[in-house]
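All remarks here apply to the structure that follows.
Derivation of every value follows stated rules applied to the coordinates shown; laboratory data play no part. Please read all numbers here as calculations on a predicted model, not as lab measurements. Cβ atoms come from the backbone with ideal geometry, glycine included; neighbour counts cover every protein chain shown.
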Amino acid sequence: MLEEKYPQFWRNAEETAKNIKEKIEEGQTIRIISHFDADGISSAGIICTALYRLQASFHLTVVKQLTPEILKDLEEEKYTSIIFTDIGSGQLNLIEKHLKQKEKIIIIDHHPPIKADLDSLIHFNPHFHGIDGAKEISGSTTTYLVARALDKRNVDLSYLAIVGALGDRQDKGSQYSLIGVNKEVVDEAAERGILEAKKDIRLFGRETRPIHIALEYTTDPFIPELSGCRERCKSFIENEVKIPLKDENGKWRTISDLSTEEKQLLASKLIDYMIIKGLSAEEAQSIIGMVYIFLNEEKGSPLRDGREFATLLNACGRMGHPEIGVAICMGDRKDALEEATQILSKYREKLANSISWITQNLEQKLKEKNYVRYFHGEDIIEDNIIGTVTSLLLSSKKISNDKVVVGFAYSSEYPSMVKLSARTTQTLVNRGVDLGKALKLAAKKLGTEQLAGGHNIAAGGQIPRNMEEEFINHLDNILKEMLEPEQHEHTKQGSANS
Ligand SMILES: [Mn+2]
């Protein structure tokens, strides 16, 4: 039980809920600000549903990041109680600066918190309780706890907590399972028959797409010469795996239609194939792992599989329609779901176009330093997908993975800025690379430290335009320090030991 495992954290959730209830009882309209990724959209869906059920009025805005402009707007608005979900903990200095006059600021977030001196602040964050917000709890799970503390009936929203956790790639347990507080919520949802968690083949669209298309769409793991290649996928299933693509009525079968034996056959053929193609046994085996199925969603719906649900929300956010994602999270299974499905296919198309542009021009576009390879997407790759494009290029092995990879793209919001995304492999992380830290240090030299950061394996930031070369030079030096620290010391020690 959640309450027993995390008693202090749970009490904190109850206090946060109590504060929200007070404002509702005063008849206030609650201002809600949430983040635009899948986790932020699920968080928004949870808090809005919880408030709606209490017949409270609220006003939601979903944002890419908390900028001084957005905070200035909030400052001028009439609302006096604001809830931030999946965002805010890292921007407390800005919040403190602009929202001092507000009656109540409630932050429900899982990002590492910074300190602030704000009497009106209620700050619910797992880091204060020794819970790792990067791996054990998403913004959506943090928000779910508050919703559940508001009203026990909100237990039915537990599946949205899971969607956000999967969207934030918190499936870091063995075989891609959720851990920590997220896992407690999985168990809670499973007990109530909302969800089933089981080991299965992790192909994208396992509930919705014909088998060969699910294979084509799978990029995690990236399967060489199958990911993105429909015809090859079809012939692989027909000629190598030898399982029927259609059922006796001529209908396309999905992964979830396969028998256990067929699934085992498909998995083992895929693993053999990937090993032949040069992937490590570990990479190949990542095709099998925990899948999270929402039992209340219709069979054949993209919302039945937790990861596919998250992908749909992510596409809505990145394509500028987070409100459609929120509508789905609040229960719309008709218009919003249909629109989201169309948005997702446009998003996939955009990704595919960007990737084929950069792959075709790679020879000319890819530049290299000692520790980093980099390319510029200019105005051709949009800044809101540069991170995904960089990840895909690295995992598809189109760019070799012995160095850090950085992708640049001109900012769509600020003409004077360049957005950048950096990606690397676990191997380099194990050797000492921390991209979040490295980008912060390099951006500091250009005065945009506060716009850079992230995880050790994936991070991003913004720098002024025309400073790309200078940034890369700084980054290259910082990566050298991380990968080859105090070389002299080592040599000295080495000779003393020998
Ligand atoms: Mn998050």
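Beta bridges assigned by DSSP with both partners in the chain are antiparallel in approximately 55 percent of cases. Distance between the modelled labels on Arg431 and Ser345, one decimal in nanometres: 4.4 nm (7 Å Cα→Cβ projection).
Projected onto its three principal axes, the C-alpha set of segment 2-165 covers 40, 32, 28 Å, listed from the longest axis down. Between amide H atoms placed 1.01 Å from N, distances below 5 Å from His376 occur with Phe408, all of them 5 or more places distant or on a separate chain. For the chain, averaging the sequence separation of C-alpha pairs within contact (under 8 Å, six or more residues apart) and dividing by the residue count gives a relative contact order of 10 percent. Where does the chain land at 222 nm, in deg cm²/dmol rounded to the nearest 500, when only DSSP H runs of n ≥ 4 count, each adding -39500 (n - 2.57), divided by all residues? So the helix-based figure for the chain works out to -13500 deg cm²/dmol.
With 0.36 nm allotted per residue and the present C-alpha distance subtracted, the Asp272-Glu378 stretch has 34.2 nm of extension available. Global size of segment 361-482: 12.8, 37 Å for Rg and Dmax (C-alpha atoms, Rg to one decimal, Dmax whole). Taking 22 Å as the limit for the C-alpha separation, the pairs Lys172/Lys440; Lys369/Lys445; Lys440/Lys480; Lys445/Lys480; Lys199/Lys350; Lys100/Lys135 exceed it in the case of Lys172/Lys440; Lys199/Lys350; Lys100/Lys135.
For Met417, the amide hydrogen comes within under 5 Å of the amide hydrogens of Ser411, Arg465, counting only partners 5 or more places away or on other chains and with H modelled in the peptide plane. Proximity of backbone amide H atoms, modeled 1.01 Å from N, is registered between Val291 and Lys198, Lys199, Asp200 at under 5 Å, excluding neighbours fewer than 5 places apart on the same chain.
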